[in-house]
1. Can you tell me how the stretch 172-223 classifies by the Cα gyration tensor, rounded, prolate or oblate, using a/c under 1.5 as the rounded cut?
2. At 0.36 nm per residue, minus the direct Cα-Cα distance, what do Asp211 and Glu143 gain on full extension? Give it in nm, one decimal, please.
3. Once fully extended, how much extra length lies between Asp112 and Glu174, figured as 0.36 nm per residue of separation less the alpha-carbon to alpha-carbon distance?
4. Order by neighbour count: Ile132, Ile153, fewest other Cβ atoms within 10 Å first, most last.
5. What is the order of His116, His121, His200, fewest Cβ neighbours within 10 Å to most?
6. Compactness ratio of the stretch 138-231: Cα Rg over 2.2 N^0.38 Å, N = residue count?
7. If R₀ is 22 angstrom, what is the calculated FRET efficiency for the pair Glu245 and Ser269, using the beta carbon separation as r and rounding to 0.05?
8. Just rank Glu102, Glu134, fewest to most, by other beta-carbon atoms within 10 angstrom.
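All of the numbers you see were taken from the coordinates with simple rules; none came from a lab. Just so we're clear, the structure is a prediction, and the values are computed from it rather than from any experiment. FYI the Cβ positions are ideal-geometry reconstructions off the backbone, even for glycines, and counts take in every protein chain you see.
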Amino acid sequence: MPGQLGGAAAWLRRPGVLGPRRTGEPDPGRTPRRAVAPPTPLPAAWAPCLGWVIGPSCPNRARSIALLLGLTMVSIGQISQIELLTRACASTRSIVENVPREQLALSTPCHDWHVHDLIDHIVGATDFFADIAELGSSPEDREWPSYADGDFIRSFGEQARRVVTAFSAPGAMEQTMVLPTGPAPGSRCIQVATGEIFVHGWDLAKSTGQDMPPDRGVADALLSSEWSSMCADVRNADPSVFAPEIPAPREGPAIDRLVGFLGRDPSWSGGQ
């Protein structure tokens with residue numbers, strides 16, 4: 001089922017997940033934020049860019065993403081969107097920093113992905129969101145390295161700083177940016193980025209036997225916002241494109257309720 005693609009989705013071609021490995025480093029050149037052209041069709045198999053909305057089976061769910069992005073996202077609680085993104089990046093960075101190379105072959109809660117693939121996705125997604133916040137879209141001719149083959153700790157730190165800085169720029173929340181499903185305002189894209197980075201951090205922690213860092217309100221902010229009702233609408237579509245919700249105790253950690261809501265098992269333990 002087709003979605004939409006602009007230059008912003010080129011990072012989905014990154015090595016180790018959707019195709020053969022490629023060489024070369026990302027183009028370091030950056031240009032001022034600019035108007036973007038309408039996107040072109042995206043094959044459904046390229047959907048994993050926003051796997052945080054689709055539960056444990058991360059790839060190949062373009063329809064759920066299209067439905068989600070067709071709805072309006074709103075500000076989340078009393079915490080600013082920039083602060084939530086900053087906290088999500090800090091949480092995931094503390095996890096990435098504690099992944100030794102010998103764990104790259106371990107399994108993850110994301111279907112068919114190993115830790116190597118998950119790190120490629122986390123760093124690539126953060127790089128991608130920084131691109132669209134800086135430029136409006138991600139350049140069509142970018143080449144995406146396998147971040148996990150290099151210094152992925154440094155790479156994630158650099159991209160996390162970029163994405164927070166770019167979304168913090170004056171006018172960024174009103175700027176049109178190209179997601180894989182089409183143009184959307186920055187105020188919507190930043191929320192997608194926050195969920196993507198934060199929930200995949202949980203995936204990585206579970207995969208590598210780490211404890212999740214203190215949440216600092218990110219999971220609660222997502223769960224108490226319109227975001228949760230949007231995800232419920234996607235789950236109720238016919239046919240369903242969401243993994244069934246796995247209820248978690250209300251008195252338990254908010255992160256357990258968040259990942260359970262997304263169809264992940266809070267008690268998942270793989271890493272083999």
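1. Cα axes put the stretch 172-223 in the prolate bin.
2. Difference between extended and current length: 21.1 nm.
3. Length difference between fully extended and current span is 18.7 nm.
4. Taking fewest neighbouring Cβ atoms as first place, the list is Ile153, Ile132.
5. Going from least to most buried by this count: His116, His200, His121.
6. Relative to the 2.2 N^0.38 Å estimate, the stretch 138-231 comes out at 1.23.
7. Working from the Cβ atoms, E equals 0.65.
8. Exposure proxy ranking, most exposed first: Glu102, Glu134.
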